[in-house]
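Student: Would you mind keeping the following structure in view while I ask a few things?
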Amino acid sequence: MIQFVLETDRELFEEALRFAQHQVRKLIDEHPDFYPMYTQDGRWKHDGPMSNWADGFLPGVMWLFHTRTKDPYWMDQAVRYSTPLEHRKQNGEAHDLGFLFLPTYYRWHQVTRDPKLKDVLIQAGRTEARRFHEKGQYLQSSASENLISIDIMMNVVIILYAARESGDRRLRDVALRHCLTTRRFLIRGDGSAAHEGIFDLETGEFLRQSTQQGYRGDSCWSRGLAWALYGFSASYEYRHDPRFLETAEACADYFITHSSGDGIPPWDFNAPPENRQLPDTSAAAVAAAGLLRLCRLLHDPVKGHFYWSTAVQILRTLCEKYLAKKDKKWEGILKGGVYHLHKELGVDESVIWGEYFFVEALEQALPQL
Ligand code: GLY
């Protein structure tokens, strides 16, 4: 597949990466050792309710900066912010161990190849796998035992990693079965995705699709779809099951055909007229990063190139319309993210996973210089 970045895109993306580093340095200086989640009026530190599922993304951004610049400052900061997460490899209460450890310990291990870091990742994968519900054949959401959530497609990847590195077939089997259950009950025939699904705990029977952050159980919350696009692509990298690739492509095609021409989706593809215009740039960033993974996996170069150029278009729009550069008081990198509309948390703000996947996608799109 021919991949190219126009000279103007290269300048735009490099400038965005410089700005991203500037913002993160400022955050480290002003709020040392603070793990942000979403901004309020552009400020990371506030009294709004926080949860800790997203704590891996800030150190993950630092690892990405280090990979690109090789600046020891970023390595020092990345280690400093990653290390306090280690004990969470044993946390069986959360379904988010992929979100925590793939941006941090996985990237750290890529840099140093220290086997102790791999042990942390394998343990995190084993802990995540303990959430498997045999009757329903799914990894249980942290929100409730009877729930499957589309976000877990991002977290199942840590189990696939642990399975590959440890050779443990049970881990591989759990991950495979979770992916197939998600595909069967949360991905619809048109490639759209439900946010969550409810099971009968006693019988394991699937009851219905549901949501917490999307508009309705039968709607398509755009970030959920982006998690599915990325998660099925990443799962296919570990296990070449053609069903994973087909699903990732179906999600990608729905995402692309239902977003506006500039590539940015509404917060929910079926949102009601009163907030239909509200975008979620974090969904766009996750989708761009997912498309850049997916395009490398395809045998069809025309389709691969289409996904590549769509990802570049999304990044171009994010850089031109949503970079917080002109607003000197804004502490985040990207404006226009949405955390939780119904709870009015982080709406039209910066969100830390949006920052991470934006930087990841920029670094994937720019050819290594
Ligand atoms: N709970 C993950 C998300 O907000 O996307």
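The values are calculated or read from the model by the stated rules, or taken from the named source; none is laboratory data. The structure presented is a predicted model; accordingly, all values stated were derived computationally and were not measured. A quick note on method: Cβ atoms are made from the backbone with ideal geometry, for glycine too, and the neighbour counts reach across all protein chains shown.
Student: Mind checking which pairs have a first residue in the range 340-356 that is of a type in the set (Ser, Thr, Tyr) and a second that is in a strand (DSSP E or B) and more than 12 Å from the ligand (Cβ to nearest atom), Cβ under 7 Å, 6 or more apart or different chains?
Tutor: Short answer, once both residue conditions are applied: 350/334.
Student: Only one of 337, 332 is within 14 Å of the ligand (Cβ to nearest atom) and in contact (Cβ under 8 Å) with a residue 12 or more places away in the chain; which?
Tutor: 337
Student: More than 18 Å from the chain's Cα centre (by Cα) and buried (at least 17 other Cβ atoms within 10 Å of the Cβ), is that true of residue 74?
Tutor: yes
Student: Scan the range 299-316 and give yes if some residue there is among the hydroxyl-bearing types (Ser, Thr, Tyr), in contact (Cβ under 8 Å) with a residue 24 or more places away in the chain, within 16 Å of the ligand (Cβ to nearest atom) and within 18 Å of residue 264 (Cα to Cα), otherwise no.
Tutor: No - not one qualifying residue is present in the range 299-316.
Student: Just checking: which of the helices (runs of 4 or more DSSP H) contained wholly in the range 96-189 hold 3 or more residues that are under 19 Å from residue 225 (Cβ atoms) and within 16 Å of the ligand (Cβ to nearest atom)?
Tutor: By residue number, 152-166.
Student: Quick check on this structure: which one of 201, 245, 292 is more than 16 Å from the ligand (Cβ to nearest atom), outside any loop (DSSP other than H, G, I, E, B), more than 16 Å from residue 361 (Cα to Cα) and aliphatic (A, V, I, L, M)?
Tutor: That would be 245, the only listed residue that is more than 16 Å from the ligand (Cβ to nearest atom), outside any loop (DSSP other than H, G, I, E, B), more than 16 Å from residue 361 (Cα to Cα) and aliphatic (A, V, I, L, M).
Student: Another question, then. Can you confirm whether residue 263 is at positive phi and surrounded by fewer than 24 Cβ atoms within 10 Å (Cβ to Cβ)? Talk me through it step by step, then tell me what you get.
Tutor: Working: at positive phi: yes; surrounded by fewer than 24 Cβ atoms within 10 Å (Cβ to Cβ): yes.
Considered against the rule, which asks whether it is at positive phi and surrounded by fewer than 24 Cβ atoms within 10 Å (Cβ to Cβ), residue 263 comes out as yes.
Student: Does residue 33 qualify as being closer than 22 Å to residue 101 by Cα, among the charged types (D, E, K, R), within 16 Å of the ligand (Cβ to nearest atom) and modelled with pLDDT of 95 or more?
Tutor: Answer is no for this residue.
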